[in-house]
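For reference, the structure discussed in these notes is given below.
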Amino acid sequence: MKDGFLKRRLVRPVLSLLKGGVTPEKMALSLSLGIVLGIFPMLGTTTVLCTIAAVVLKLNLPAIQGVNYFLYPIQIALLIPFFRLGEIVFRAPHFPISVAQIHAMAQVSVWTTVLTLWTTTWHAIVVWGLLAPVLAGILYGILEPVLRRAWQAASPPVV
């Protein structure tokens, strides 16, 4: 029987890294930060952000980048909610735009898109910055014990 997509692309690689010597704590932090940085509301920046986090914090680069790439569709889906929350927090006027419009604008000119969305994106980044530490803490609190159990189950018993 074939394994599901998530098991093949997420669970197995994580278990393999744990068996290879990555601690459950480092793996939980790598995955948590990969998720949080992977939804950063500025397209084209998450790979650099994840790389910097992995190098500075001595985390597992394949794990953090794998999760980052896995979350790309979710990052796009969360752009508009982050934009809307930014409008609420900053009491900014509503900027009517959709993901399809952003994509179409970027196809024509990335620079014009950046300039047009600068204030909206800045507001979204501030909202992300407020939510990110909370989300990272919750994710780490959930993932660390799960990964510790998986690591213990995968480790051979000491005799």
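The values are calculated or read from the model by the stated rules, or taken from the named source; none is laboratory data. Not measured: the values here are computed from a predicted model. Counting neighbours? That spans all protein chains shown, and the Cβs are built from the backbone with ideal geometry, glycine included. With ligands, DNA and RNA removed, areas are computed over all heavy atoms of the protein, side chains included. Shrake-Rupley method; radii C 1.70, N 1.55, O 1.52, S 1.80 Å.
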Practice problem: Run Pro41 past the list (1) touching a residue at least 40 places away in the same chain (Cβ under 8 Å); (2) of a type outside the set (Val, Ile, Thr); (3) closer than 30 Å to Ala124 by Cα; (4) assigned to a helix (DSSP H, G or I) and report the number of the one that doesn't hold. | Solution: (4)
Self-check item: Every residue from segment 102-154 that is of a type in the set (S, T, N, Q), open to solvent by 30 Å² or more (accessible area, probe 1.4 Å) and in contact (Cβ under 8 Å) with a residue 12 or more places away in the chain
Solution: Thr119
Exercise. Please determine, by comparing only the residues of segment 1-38 that are farther than 21 Å from Ala136 by Cα and part of a loop (DSSP other than H, G, I, E, B), which one is nearest to the chain's Cα centre (by Cα).
Key: Gly4
Quiz prompt | Selected residue (only one of Val48, Val67, Val89 is free of Cβ contacts under 8 Å to residues at least 24 places away in the same chain and part of a helix (DSSP H, G or I)) | solution = Val48
